[in-house]
Amino acid sequence: MDQKKRDYGVIIIAFISLALIVFLSINNFSLSKDPIDKFLKGERTFSETVEELVNKYSSDKLKYKYDFVNYCGLFLRLSGRRAFNEATLLNNGMLTWGAGTFQRDIRNQKRNADAIFSFSNWLREHDIPYTFVMLPDKMDMNGTLLPVGLKNTLNEEANQFVNYLYEKDVQCLDLRPIMTETAAQVSDYFYRTDHHWNIKGAFKAYQIIMRYLKEKDIITDTTNIDESLWDIHEKEDWFLGSRGKRVGTLFAGTDSLMWYTPKFTTNQSCIIPNKRQIFKGDFATSNIREKYITTRDLFTLNPFCVYIGGDYPLVRHINPSAGNKKRILILKNSYVLPLQAFLSTSFEVVDVIDPRHYSSSSIAEYCDWYKPDYVFTIIYPNSLDDKCYFSMGENKVADHNNEWEIILDAYDLKMKDNQKDYHYAKIPVKLEAGNEYMFSFASIDRIKGESDGVSVVLYNFTTKKVIFENLFDVDCSENPENNKWFIKMPEKISNGDDYRLLVYDGIRGKTKGTSINIEDIQVLQR
Amino acid sequence: MVFSSLEFLFFFFPIVFGINYLLPIKLRNYWILLASLFFYAWGEPSFVILMMVSVFSNYALALRLDELEGWGRKIIFIFDLLINIGLLFIFKYMNFLTSIVHNAFPEGAIRETSIVLPIGISFFTFQALSYVIDVYKKKVPAQKSIANLGLYISLFPQLIAGPIVRYSSVIDQISDRKITLQGFSEGLMRFIVGFNKKVLLANILAEVADKAFLSKNLSASFAWLGALCYSLQILFDFSGYSDMAIGLGRMLGFTFLENFNYPYISKTVTEFWRRWHISLGSWFRDYVYFPLGGSKVKKGRMVVNLLIVWLLTGIWHGANWTFIVWGVLYGLVIIAEKLTGIPKKIDKWHISLRMVYRLFTLLLIMFGWVLFRSESLNQAIIYILSMFGLSNNTFIDDMFVFYSREYIVFIICGTICATPLFIWLKNIYNGRRFIKIISNIGYVLNLVFFLASISLLVVRSHNPFIYFNF
């Protein structure tokens with residue numbers, strides 16, 4: 001009798017297991033349908049089909065994938081693990097990078113420091129002040145938050161780098177001892193499950209940078225850094241950060257999403273050329289991306305991007321009513337997303353370049369064209385590994401004895417709505433490879449339609465490809481200095497490339513129903 | 001394809017087994033054969049041709065063997081042996097041999113080859129050899145159905161990593177086998193146990209072992225930790241795969257012999273090889289050692305026989321000097337034990353002496369695994385020297401501190417699971433109610449761990465089997 005009971009125990013558990021396998025198989029059957037169909041039609045070889053099947057079952061399309069990620073995290077946490085899948089659990093319960101990222105051989109930072117020194121000197125020769133801002137890593141300066149046996153070498157590398165800058169008299173603002181001296185500060189200023197700082201941390205950095213600039217007499221107005229002038233919003237259990245997505249919600253919990261909006265009146269625009277987007281209106285309309293506030297999706301959304309929406313090659317913030325009539329350029333990584341939004345309330349123009357994605361020109365060329373009033377590099381210790389932050393291209397800026405030569409002057413453009421989404425006009429000049437050009441205009445009048453922007457595109461009619469694209473805010477003509485676009489032409493690859501400037505009466509792809517007049521277009525060549 | 005993968009679990013397994021149970025019994029062998037060839041083709045389609053060459057040649061030549069007597073029979077037998085061993089030699093050992101010759105005579109005409117190793121070739125070749133040898137010795141008649149022989153050689157549960165199934169042990173099951181509810185359930189549970197061993201123990205302990213073996217500055221303590229973790233990793237990797245193979249076979253109605261029997265509780269090295277990879281040890285014993293005379297010869301000849309067997313065992317494991325040295329070293333230890341009679345005498349020793357020798361056995365096994373894991377003899381020597389602090393290394397470092405704390409639960413669980421603790425307890429308290437309760441809890445825990453294993457696979461995508469290179 002006892003033997004029979006024992007047998008039923010095996011049978012029951014076996015069939016529960018079988019039911020589980022069958023259930024998951026049926027739910028994921030659709031993953032195999034497409035690869036098999038293609039194989040049967042002869043569109044794929046057997047090996048290609050196998051590869052595709054393996055990829056499908058490893059992909060995010062696997063049903064219940066995130067439930068398994070959560071369960072895995074719980075299981076490993078209960079078994080005492082603290083480091084798993086490129087995430088490490090700190091002593092304060094927060095998640096940071098895997099050891100492979102923060103525990104690496106310390107690399108000599110002299111070359112990087114020399115590059116920044118060279119860039120800083122070049123800017124000084126062009127009367128542009130510069131500061132390197134070292135952001136805090138998600139680690140206290142003494143590394144006490146790490147599990148026993150692990151060591152953070154990123155801060156040591158950063159110390160070495162910063163010391164080199166100080167030796168060379170490069171302006172450097174090190175936020176680490178201010179913001180992460182103690183473990184308590186780390187808990188305060190960083191997300192629990194993401195490697196980034198939280199909005200409170202970003203706002204703290206905003207305050208520090210503004211005070212720094214005021215002390216240097218660069219700016220006068222620091223009104224907006226008063227936190228009482230801002231509304232603080234919060235949604236609990238809303239955000240699973242970059243590390244949390246790797247280990248699930250049951251390994252270290254979730255984060256709340258916090259965001260700040262100003263109580264004071266704002267009217268600004270945020271232009272993202274490569275996305276063909278212009279966000280215009282108050283601070284929230286311009287800088288905050290609603291979907292991260294209204295939609296909770298722990299595994300596929302990244303609410304850290306609640307400000308600006310993500311990392312783009314170039315973002316331009318324009319705020320005509322800002323207290324400081326200055327133009328600043330920030331060379332940044334993803335940490336800066338909320339920071340740039342805060343800075344946009346204090347400066348007339350904030351240009352933000354992400355060197356990891358920007359390729360339209362060298363950074364030095366950009367500075368030569370737009371002549372910002374201040375340039376920052378704002379990155380964190382892990383970015384010391386990234387060569388793009390230390391390659392500014394000063395040598396690419398030609399020694400210009402020649403000034404700009406006008407090749408098109410006082411050209412007026414009237415574009416009537418032709419009910420097409422890609423309605424453009426061709427500017428009647430041919431551009432040559434390897435040269436520099438400036439496109440500018442006096443004013444834009446919106447005659448019809450709702451579009452806030454105007455696209456100007458460098459197009460190659462030979463290869464039929466868009467090379468570069470710029471967006472202008474229709475209303476930004478209040479300050480003609482903003483109505484310029486500098487173009488560094490690609491080098492000549494073949495004879496016969498036909499480069500033209502095209503103007504779209506609205507945002508490219510959305511020109512239907514709009515009409516504009518553009519006055520006094522000028523094209524200059526150098 | 002590996003058993004512990006999502007595509008096997010959610011794609012191959014339900015389709016193959018589902019259709020198998022729906023088909024009439026006389027069609028099932030064809031279906032499983034087709035599925036086995038598909039399983040093998042998953043890794044590399046072109047190697048299915050090699051498999052089929054093996055099946056066809058052994059089928060045809062074995063049938064011929066059955067018809068012949070005398071010298072003709074011997075010639076066909078040798079020819080068949082040469083084909084099987086030849087295929088194994090070309091695909092597995094040619095690169096090694098040409099590399100040795102090329103390095104010795106760089107200006108010579110011999111160039112290094114780079115022939116791709118077909119997965120599982122050592123396993124299915126040895127199965128084919130066991131079939132041919134048994135037919136030659138008239139232990140079994142030649143198989144008349146090529147499909148059935150193909151099924152035996154290519155059967156997917158044990159195709160690429162064993163156990164090495166003797167034809168004589170499954171000949172009846174090929175043509176007549178029953179799948180019972182009990183058998184199916186036990187087979188599935190066995191599969192799950194193996195699955196859990198592989199994913200939750202072997203794969204996780206591999207992280208420590210890999211870190212240690214790839215480390216440039218290895219402290220003595222971390223070297224020991226790495227060796228311990230690798231010893232556990234290889235046990236659970238291989239025995240886990242065998243469990244899955246045996247379980248899947250049972251679900252298809254086949255009963256395969258056990259391949260592992262808690263090898264780390266062995267009292268002697270001789271006993272270890274009766275508990276570790278049993279199918280391989282018994283294969284060499286029956287097809288090499290006994291035909292050479294075994295131990296029923298003079299001592300000198302017995303020593304030679306054992307050296308041959310262990311040299312071949314080392315070579316079987318891989319085309320590298322590390323495997324050859326590993327095999328020969330085991331041979332020397334086993335010879336020493338045989339000559340001194342330790343395996344027979346040890347039970348009469350004082351308990352303290354028995355424990356010392358048991359510890360000595362375990363250490364030898366562990367050092368053997370260091371050799372086995374190393375890329376070269378040089379690396380193995382450096383690693384072993386590091387274990388004793390003899391390579392200018394520290395005794396303890398941060399890596400040891402971190403990894404020992406991080407993986408302590410898995411190391412302890414692995415150590416416990418390497419022993420038949422639960423079986424001992426069951427035997428001691430047999431019939432007591434709480435044993436039954438614990439057994440049932442164990443089944444439920446298996447399911448919980450199964451979910452955890454699937455979860456780990458979902459989070460990761462890479463879990464190679466060690467014995468796939470054989």
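The values are calculated or read from the model by the stated rules, or taken from the named source; none is laboratory data. In this text, all values refer to a predicted model and were calculated from it rather than measured experimentally. Please note: Cβ atoms are built from the backbone with ideal geometry, for glycine as well, and neighbour counts cover all protein chains shown.
Inside region A:297-308, residues that are assigned to a loop (DSSP other than H, G, I, E, B) and at pLDDT 95 or above make up a count of 1. The criterion of at least 2 residues that are over 16 Å from A:K488 (Cα atoms) is met by the following strands (runs of 3 or more DSSP E) wholly inside region A:346-450: A:347-353, A:374-379, A:405-415, A:424-426, A:443-448.
All of B:I428, B:I396 fail the test of being more than 8 Å from chain A (Cβ to nearest Cβ) and touching a helix residue (DSSP H, G or I) at 6+ places or on another chain (Cβ under 7 Å), apart from B:I396. The number of residues in region B:180-196 that are surrounded by fewer than 17 Cβ atoms within 10 Å (Cβ to Cβ) and either in contact with a Leu (Cβ under 7 Å, 6 or more places away or on another chain) or over 30 Å from B:A142 (Cα atoms) (or both) comes to 2. For A:I218, the criteria (1) of a type in the set (A, V, I, L, M, F, W, C); (2) part of a loop (DSSP other than H, G, I, E, B); (3) modelled with pLDDT of 95 or more hold in every case but one, which is (3). Taken over region A:472-505, residues that are closer than 26 Å to A:S359 by Cβ and within 28 Å of the chain's Cα centre (by Cα) amount to 18. Check B:F195, B:F222, B:F238, B:F184 and return the single one that is out of contact with any Ser or Thr (no Cβ under 9 Å at 6 or more places or on another chain) and within 14 Å of another protein chain (Cβ to nearest Cβ). Of B:F195, B:F222, B:F238, B:F184, the one residue that is out of contact with any Ser or Thr (no Cβ under 9 Å at 6 or more places or on another chain) and within 14 Å of another protein chain (Cβ to nearest Cβ) is B:F184. Is it the case that region B:117-140 has a residue that's in a helix (DSSP H, G or I) and within 14 Å of chain A (Cβ to nearest Cβ)? No, that holds for no residue. Here region A:66-80 is the region considered, the condition is being surrounded by fewer than 21 Cβ atoms within 10 Å (Cβ to Cβ) and farther than 13 Å from B:L200 by Cα, and the residue that is farthest from the other protein chains (Cβ to nearest Cβ) is A:R77.
Checking each residue in region B:434-470 for being of a type in the set (G, A, S) and at pLDDT 90 or above picks out B:A452, B:S453, B:S455. Among the criteria (1) part of a helix (DSSP H, G or I); (2) free of Cβ contacts under 8 Å to residues at least 60 places away in the same chain, the one B:N430 does not fulfil is (1). Scanning region A:119-130 for residues that are in contact with a Phe, Trp or Tyr (Cβ under 8 Å, 6 or more places away or on another chain) and surrounded by fewer than 20 Cβ atoms within 10 Å (Cβ to Cβ) yields a count of 3.
With respect to the conditions (1) modelled with pLDDT under 95; (2) in contact with a Leu (Cβ under 6 Å, 6 or more places away or on another chain), A:S362 falls short on a single one, namely (2).
When A:L90 is tested against (1) facing chain B (nearest Cβ under 9 Å); (2) buried (at least 18 other Cβ atoms within 10 Å of the Cβ); (3) under 30 Å from A:V148 (Cα atoms), just one condition goes unmet, and that condition is (1).
The set of residues in region B:431-463 being within 11 Å of another protein chain (Cβ to nearest Cβ) and farther than 30 Å from B:F10 by Cβ consists of B:G431, B:R432, B:R433, B:I435, B:K436, B:I437.
Counting only helices (runs of 4 or more DSSP H) that sit wholly inside region B:269-342, those with at least 3 residues that are within 16 Å of the chain's Cα centre (by Cα) and free of Cβ contacts under 8 Å to residues at least 40 places away in the same chain are B:278-284, B:299-317. For region A:97-118, the criterion of being surrounded by fewer than 23 Cβ atoms within 10 Å (Cβ to Cβ), within 11 Å of chain B (Cβ to nearest Cβ) and in a loop (DSSP other than H, G, I, E, B) is met by at least one residue. When A:S47, A:S25, A:S59, A:S30 are checked against the criterion of being within 8 Å of chain B (Cβ to nearest Cβ), modelled with pLDDT under 95, surrounded by fewer than 17 Cβ atoms within 10 Å (Cβ to Cβ) and over 27 Å from B:S439 (Cα atoms), a single residue qualifies: A:S47. Remark: pairs (first residue in region B:60-86, exposed (fewer than 13 other Cβ atoms within 10 Å of the Cβ); second residue of a type in the set (G, A, S); Cβ separation under 9 Å; 6+ apart in sequence or on different chains) = B:E67/B:A142.
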